[in-house]
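In what follows, a single structure is set out as C-alpha cells and then discussed.
Taken together, the values in this text are just the output of simple stated rules run on the coordinates, not laboratory data. Treat the numbers as computed from the prediction; the structure is a model and nothing was measured. Reconstructed Cβ throughout: ideal geometry from the backbone, glycine too, with neighbour counts over all protein chains shown.
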Amino acid sequence: MTQQQQLLEETVSGLFAEMVAPMGRELDIDSDWKTLTQLGIHNIFVSEEEGGFAGSWQDARIVFYHAGRNALALPICETIVAKKLLLDAKIKIPSGPLTLATAVDSRLEPCADGDGYAFSGSLKAVAWGRISSAIVTACQHDDNDYLLVLSSADGVSSGGRANEAGEPRDNLDFNGAKVLAVSQLDDAEKELWGKAALMRTAQMSGALDAALEMSVAHVKGREQFGRPLAKFQAIQQQLAMLAEECAAVNCAAQAAALAEDFGNSRFEIAAAKLRANRSVGSSTSIAHQVHGAIGVTGEYNLHRFTQRLWAWRSEFGNDRFWAEDLGRQVLAVKDGGLWAHMTALSDKHAEQ
Amino acid sequence: MQNFNFKPLKMPPDVANLRRAVRSFLDAELAEMKAVDKAQSWAGYSADFSRKLAVKGWVGMTWPKALGGSEASALHRYVVIEELLAAGAPVAAHWIADRQSGTLLVRYASEAVQQRFVPAMARGEMFFCIGMSEPNSGSDLASIKTKAHRVDGGWVINGSKLWTTNAHRSQIMIALVRTTPQGKARHAGLSQFIIDLSSDGVKINSIADHLGARHFGEIFFDNVFVSDDMLLGAEGDGWSQVNSELALERSGPERYLSSYRLFAELLESLDDECDDATTQTVGEITADLWTLRQMSMSIAGQLAEGSEPSLEASMVKDLGACFEQNLPHSVQAGIGASIPSDRDSDLSETLSYLLMASPAFSLRGGTREILRGIIARGLGLK
Ligand SMILES: Cc1cc2nc3c(=O)[nH]c(=O)nc-3n(C[C@H](O)[C@H](O)[C@H](O)COP(=O)(O)OP(=O)(O)OC[C@H]3O[C@@H](n4cnc5c(N)ncnc54)[C@H](O)[C@@H]3O)c2cc1C
C-alpha cells in the first residue's frame, strides 16, 4: 500500500466505524450523507482540481472494503462507481447519491422536440433506487451502445423488495423520460456490470472479515465445559477455514482492482466475483455455527454481515452468471491456452 | 485481529522474455512426454532433465554466482518454476535442492562446505532429500528419536527416517536429529546435519505407494559418522532452522498446481461449443486457480522483500491442496455431454492418476489439520 492509501484506509475505517455506531442505528440520507461527502469520500475518482482524490480502483477498493466491513447502509459505493462511469464517458455528474443498474425492455429515442434523448424501460431491483438522485444505466440504440444517466424522480415505482439485509432494491419504470445525459460507449452494459461486480466483491471481502473478527472475539470470550470455545480444536479448525476464505476473497478483490486499473479486466473481475460468491455458503455457515444461538438474534450484529453476504452473492452476477461468463472466456482462448492467457494478464501489470 | 497480508504482486519488468525462453525450451524437451507422466508434476523424476535445465541456468537461480547460481531475483525463479509446473516438466530430482536445501547451505554452511556441495547442486548433478519424519514422528515432529552424539572430530548418528522423498535417488540428506535428550522444552536440543548417503552405516529402502510408484523411502542410520563441519547452522537451532525451511517449502506454486495438468487436458478436450454445466465447471476451476495464483504470487513478492509470511503460506498450502484434491473430483463428476468418457484417452488416464495420487497432497509438507492449527494460532485461538 502506498502512503496515500494508508492514509485513506485510516480515514475511511475510522469514519465508517464512527458513523455506524451504535451499530444498527438507521443512517440518514441527509445528515449522514453530508458527513461522507464533506470528506469527499464520494469523489475518489474525481480529479484533484475538482476537489477529488484522483484515485484508482485500488484506492476505491479500500472504501468498498470498509463500507462492507462496517455494513455502512448508504449508497456510497454505488455513487463512487456511478461517478467513475460518468467521468470516463465525459458526462456531467449530477449531484446527490447516485446508483447504477441495468435495464430490461429498454429503448432510447431522440426527443420529439429534437433536444436530447428519451428513455423507456424497466430497471429492476435498483440499489437504493428510491433515495438516489440519479441512476446510471446502459441502453442500445441503432446498434450502438450508450451509457446514460436518468433522474430517479422520473421513474415510476413498480415495487421491489429490499434485499436480505434490508437495503432498498426498487423497481423503477421509465416511460419516455428525458435522459440527463448520454454518451456512446461500446459494451456499456458489460462495463457497468463488471465495475459494479468488482465493487460488490470488495464489499463482500469487508463483510467476511467482519464476520471473522466477530467470530474470533466471540469464541475467545464464551466459555463452555470450563474453558473458552477457542480452546476446542473443532472450533479452531473451523475458524482457520473461515480465515482462509477471508484471505482468498480479499486477495482476489485486490488483484481484480489492480487489473481494472490496467483496463480490460473482465477475466479478473469474473474470477474474483465468482470466488467471493463461492465462499459465502461455507463462510456464513461457520460464522453462525461458532456463535451458537446468540448469533441468530436480531440484537447481535453478526446478521448485518451475513445478510449482506447472502444478498450480495446474487447482485451483479451470481455464481452461475460468472461461472458461465468466465468459462466461456477460457474456452474461447486460443493461442497457448489458459496458462499463457493468465500469465500474460499478470505480466501486463509488470512494474514499468 | 490478525490481518493477513495478500497485497497483489507486480511482476518484474522482464519476465515475459524469461517466460518465452522457458517455454521454448520446454516445448522441445517435453514434446515426446506422455500426458500421464506430465501429470506427475513435481513428483516426476528425470535426472537427465534436471541436468539440461541446469545448463540453461534454471537450477539454483538465486544462489551466489561464486557457487554456480546466477543471483537472479526470487521472482524470476518463481516465473521459471511456475512455467515448469504448468508444463508438467519432470523436476523432482533437483526440486528439493533448488527449493530449500541450497538456500539452507547458502544461509548456514561454511564457505568450504558450500563449495563442496552448492556448485554441483546448481549443475543439477547433486540431489538432496529432507529427513524430518520418522516411524513414530509425523505431525509431532519435535518428538523425533534419531540422535547424534559427539565423538572426536564430529558426530555419530543413530536412528531412522521415513517417507523421505527420493531417499533412494539422492546423494545427500539434510536431517533433523536430537543432539541433546528431550527435556521440558520440546523444541530445544534439535540440530540439522548434512549426511552423505553413501557413508558407512546408511541403509536405504524405497517404498512402493498404492500406485506401485517408488518416490519415497526409509533410511536407517547405524553409527554413521559425520565430521564437525556437517553440522548445519548452530547446534540446538534445528527447530527454528527447520521452520524457516518449511516457510520455503509451503509457499511455492507447487502447492496449488499439482493437479493443473488435468485441467490443461480437460481444456484441450473441449471446444467452445461446450454444454453449460461443463462451461460452469471450467469457470469455477478457473476462479479458484486464478485466486490461488494471486495468493501464491503475493507471498513470493513478500518473500522477495525479505519478510516471512509463514501464516499466509500455510493458508495457501491448505487452500491449494483442497483445490488440487477437488479438481479431479469435479472433472470426474462432469464427464458426460462435452467431457469425453473414452477410457483410453489422455484425459481419462490423467484423471485416474490424480484421483489416486491426490490424497497425499494434504499430507506431504504438513497436514491439513496441522496447517489449520498454525492459522488458528495466528488468529489468537491457541
Ligand atoms: C508423498 C509424501 C512425501 C513425503 N515426503 C517427505 C519427505 O521428503 N521428508 C519427510 O521428512 N517427510 C515426508 N513426508 C511425511 C509427511 O511430512 C508426513 O506424512 C506428515 O507430516 C504427517 O505425518 P504422518 O504421516 O505420520 O501422519 P500423522 O501425524 O500420524 O497424522 C495422521 C492424521 O492425524 C492428524 N493429526 C496428527 N496430529 C494431530 C493433532 N495434533 N491435531 C489434529 N489432528 C492431528 C493429521 O493431520 C493426519 O490427518 C511425506 C509424505 C508423503 C505423503
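Residues considered: A:E191, A:E223, A:E268. Largest GNM mean-square fluctuation over chain A, using C-alpha springs under 10 Å, is found at A:E223.
Residues of region A:1-29 falling in the label zone of A:T35, defined by backbone nitrogen less than 18 Å from a point 7 Å along Cα to beta-carbon, are A:9-29.
The calculated FRET efficiency for B:L211 paired with B:E369, based on their beta-carbon distance and R0 = 25 Å, is about 0.55. Volume per residue for chain A equals 157 cubic angstrom (convex hull of Cα atoms). Cβ under 10 Å from B:G189's Cβ, B:G189 left aside: what net charge do those residues give with Lys, Arg +1 and Asp, Glu -1? Once positives and negatives cancel, what remains is +2. State which entries of B:K161/B:K317; A:K124/B:K10; A:K195/B:K38; A:K231/A:K273 exceed 31 angstrom in Cα-Cα distance in the structure shown. Going by Cα-Cα distance, A:K124/B:K10; A:K195/B:K38; A:K231/A:K273 fall outside the 31 Å limit. On the basis of the beta-carbon distance and an R0 of 51 Å, A:D28 and B:V55 show a calculated FRET efficiency of 0.15.
Calculated on the Cα set of the protein assembly as shown, radius of gyration then Dmax: 28.4, 105 Å. Summing charges over all other residues whose Cβ lies under 13 Å from the Cβ of A:G176, with Lys and Arg as +1 and Asp and Glu as -1, gives -2. Over 16 Å, how big is the tail of the calculated P(r) for region A:79-127, in percent of all Cα pairs? So the portion of pairs separated by more than 16 Å is 57 percent.
Over region B:145-196, the Kirkwood radius and the radius of gyration, each from Cα atoms, give a ratio Rg/Rh of 1.00. Within chain B, the ratio Rg/Rh, alpha carbon atoms throughout and Rh by Kirkwood, equals 0.97. Going by neighbour counts of Cβ atoms within 10 Å, the residues A:R278, A:R308, B:R77 line up, fewest first, as A:R278, B:R77, A:R308. At 7 Å along the Cα-to-beta-carbon direction for both B:I335 and B:K65, put a label point, then send me their distance in nm to one decimal. Once both label points are built, they end up 5.4 nm from each other. Taking 60 Å as R0, compute the FRET efficiency from the Cβ-Cβ separation of A:K220 and A:R320 and round it to 0.05. E between A:K220 and A:R320, to the nearest 0.05, is 0.95.
Listed by number, the DSSP H helices of chain A that run 15 Å or longer by alpha-carbon position along their axis and have mean Kyte hydropathy of at least 1.0 are A:76-88.
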